[in-house]
Amino acid sequence: MRTNTPPIGDDTPTAILLRECAAKTVDLLVAELRRRPIVQPEWLSLQETAVYCGYSEQQLSDFVKRGIAPPSVLFSRNARRFKRSDVDAWCAAGGPSQFRTDVS
């Protein structure tokens, strides 16, 4: 049993409503993106650096203790910051694996 369905692309009320809804949604998203530009900070906290590099906070903290983390600045007792360009260079060089020593 076939029903008479209009071909795709017809200006049915449903199609018109969907196009209007999609246009409004796109307009809202574009307005929000223009209002709140995407800015990446130059200095990252230990937590942000861990997420950025794909390590856990504990792993990155261990790298800092072992001296194999990217260069960082200790602003206060609990405020270590990593410069994004240093983190990028460290990751590009192999991250902690660049410090491995093969013992034969």
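The values are calculated or read from the model by the stated rules, or taken from the named source; none is laboratory data. Being a predicted model, the structure only gives us computed values, none of them experimental. Cβ placement follows ideal geometry from the backbone for every residue including glycine, while neighbour counts extend to all protein chains displayed.
Return yes when R81 is in contact with a strand residue (DSSP E or B) (Cβ under 8 Å, 6 or more places away or on another chain) and not in a helix (DSSP H, G or I) and no when it is not.
Judged against the criteria, R81 is a match.
Give the residue, chosen from A50, A23, A31, A69, that is at pLDDT 90 or above, within 23 Å of the chain's Cα centre (by Cα) and part of a helix (DSSP H, G or I).
After ruling out the rest, the residue left standing is A50.
Is at least one residue of the range 34-48 surrounded by 10 or more Cβ atoms within 10 Å (Cβ to Cβ), in contact with a Cys (Cβ under 7 Å, 6 or more places away or on another chain) and under 13 Å from R84 (Cα atoms)?
So far as the range 34-48 goes, no, none of its residues is surrounded by 10 or more Cβ atoms within 10 Å (Cβ to Cβ), in contact with a Cys (Cβ under 7 Å, 6 or more places away or on another chain) and under 13 Å from R84 (Cα atoms).
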